[in-house]
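Enquirer: Please find one structure pasted underneath; my questions will follow.
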Amino acid sequence: MLVGLTYDLREDYRAMGFSEEDVAEFDCEETIAGIEGALRALGFDTERVGSLPALMSALGQGRRWDLVFNIAEGLNGFGRESQIPCVLDWHGIPYTFSEPMTLALGLHKGMTKHVVRAAGIPTPDFAVVAEPAEAAKVDLPFPLFVKPVAEGTGLGIGSASRVTDKAGLMDACARLIERFRQPVLVETFLPGRELTVGVVGTGAKARSVGALEVIFGDQADPSAYGYINKQDWERRMHYRIADDAEARTAEQVALDAWRALGCRDGGRVDLRLDGAGVPNFIEVNPLAGLNPTYSDLPILCRLNNMPYQELIAAIVHSAMERLNSASQPLPRTSAGRAA
């Protein structure tokens, strides 16, 4: 079975003049090598494809794969993580992880929270601010937490994210909108523990692989698990598996959100506890980082005695269950009828 690997490599974008912050969500060679090594150890043949332009070129040359292991983050817009899955769907090529709709939904934190809240899952009250002037109309009690609506890797999150008055809110919104050229999410700040829950599987077969508690070290920015803390995680952060009643409730909340959003195969759900100790959904990562050393999901699995190869195997097994599934949609004609 031939598995193609699609990804965005940091070095490629650095060569095009992108900054270190711009490439933060993209992958390094260690990640691609780790995934490829795990797949080969599982008995698969692999072929590195690369980013969207490389995929388009390969498809144009007639190359095909039995399955594509896709971790490409894409470039530009709220649908950037959906770009490669859309192309693969058009060609009828199966792939790992979520469909385009879920990836686009999960990237936009505000839209995600609308769906999660409608499903009855606890999440902090929030507002989405598209223009700086709209910040003055936000009617939520302080303190508040402000972050870009569609970034990952903690980009735009730091000591200035927690605001305690209207002036701070307006300043934070204006700064982030200018820097990231997108709306910002404003939500009620929750003072409790920070947890991330790893999930593998799809639908009713989805299961938690553990809850990881994120603990701020003495040298960390204590206000948020943001970009600086994540980049310097070995010196600033501590992690431990949480296995108490609150953590088990968090795992169930995470699974409820995972299923409500239609996520597939593997990823993470981030949660924070409110003042009463209730785990609240913060955001979903349906295309979670898979660096064997420093990504949160592999760290969680490692601390919970789940080897990296076993994680990759669980992801691929979930994706392969769809290959001959009766639930796969029929091909459609341009008129929208089943072919």
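The values are calculated or read from the model by the stated rules, or taken from the named source; none is laboratory data. Just so it is clear, the structure is predicted and the values come from calculations on it, not from any experiment. Because the Cβ atoms are built from the backbone with ideal geometry, glycine has one as well, and the counts that use them run over all protein chains shown. These area figures cover heavy atoms from the full protein model, side chains too; ligands, DNA and RNA do not enter into them. Shrake-Rupley method; radii C 1.70, N 1.55, O 1.52, S 1.80 Å.
Enquirer: Residue 12 to residue 30: extension gain in nm, 0.36 nm per residue of separation minus the Cα-Cα distance?
Expert: Contour length minus Cα-Cα distance gives 5.1 nm.
Enquirer: Another question, if that's okay. In terms of the Cα gyration tensor, with a ≥ b ≥ c the square roots of its eigenvalues, is segment 2-95 rounded because a/c is under 1.5, prolate because a/b exceeds b/c, or oblate?
Expert: Oblate.
Enquirer: Considering all alpha-carbon pairs of the chain, what whole percent are spaced by more than 28 angstrom?
Expert: Value for the chain: 41 percent of Cα pairs lie more than 28 Å apart.
Enquirer: Strictly greater than 25 Å: what percent of every Cα pair in segment 131-268 meets that?
Expert: 38
Enquirer: Quick one: accessible area per residue over the chain, 1.4 Å probe, rounded to a whole number of Å²?
Expert: Spelled out: the 1.4 Å probe surface of the chain, per residue, equals 44 Å².
Enquirer: Considering only 164, 188, 96, give the residue with the highest GNM mean-square fluctuation for the chain, with springs between Cα atoms whenever their separation is below 10 Å.
Expert: Maximum among the listed residues: 164.
Enquirer: Same structure again: Can you give the three extents of the C-alpha atoms in segment 256-316 along their principal axes, from longest to shortest, in whole Å?
Expert: 37, 25, 16
Enquirer: Here is a further query. Within 10 Å of each candidate Cβ there may be at most 12 other Cβ atoms; applying that plus a DSSP loop requirement, which trypsin sites (Lys or Arg not before Pro) in segment 119-226 survive?
Expert: Taking segment 119-226 and a limit of 12 other Cβ atoms within 10 Å, the loop trypsin sites (Lys or Arg not before Pro) found are 181.
Enquirer: Subtract the Cα-Cα distance of residue 40 and residue 64 from 0.36 nm times their separation in residues, and report this length gain in nm to one decimal.
Expert: Gain in length upon complete extension: 6.8 nm.
Enquirer: Could you please state how large a percent of the accessible area of the chain is carbon and sulfur, counting protein chains only and using a 1.4 Å probe?
Expert: The computed percentage sits at 53.
Enquirer: Something else: Straight-line reach only, C-alpha to C-alpha below 25 angstrom: list the lysines that residue 147 could link to, leaving out same-chain residues fewer than 8 apart.
Expert: Output for residue 147: 109, 113, 137, 166, 230.
Enquirer: With each run of n ≥ 4 DSSP H residues scored as -39500 (n - 2.57), what mean residue ellipticity at 222 nm is computed for the chain after dividing by its residue count and rounding to the nearest 500 deg cm²/dmol?
Expert: -10000 deg cm²/dmol
Enquirer: Expected output is a single nm value to one decimal: the length gained when fully extending between residue 235 and residue 20, i.e. 0.36 nm times separation in residues minus the C-alpha distance. What is it?
Expert: 75.4 nm
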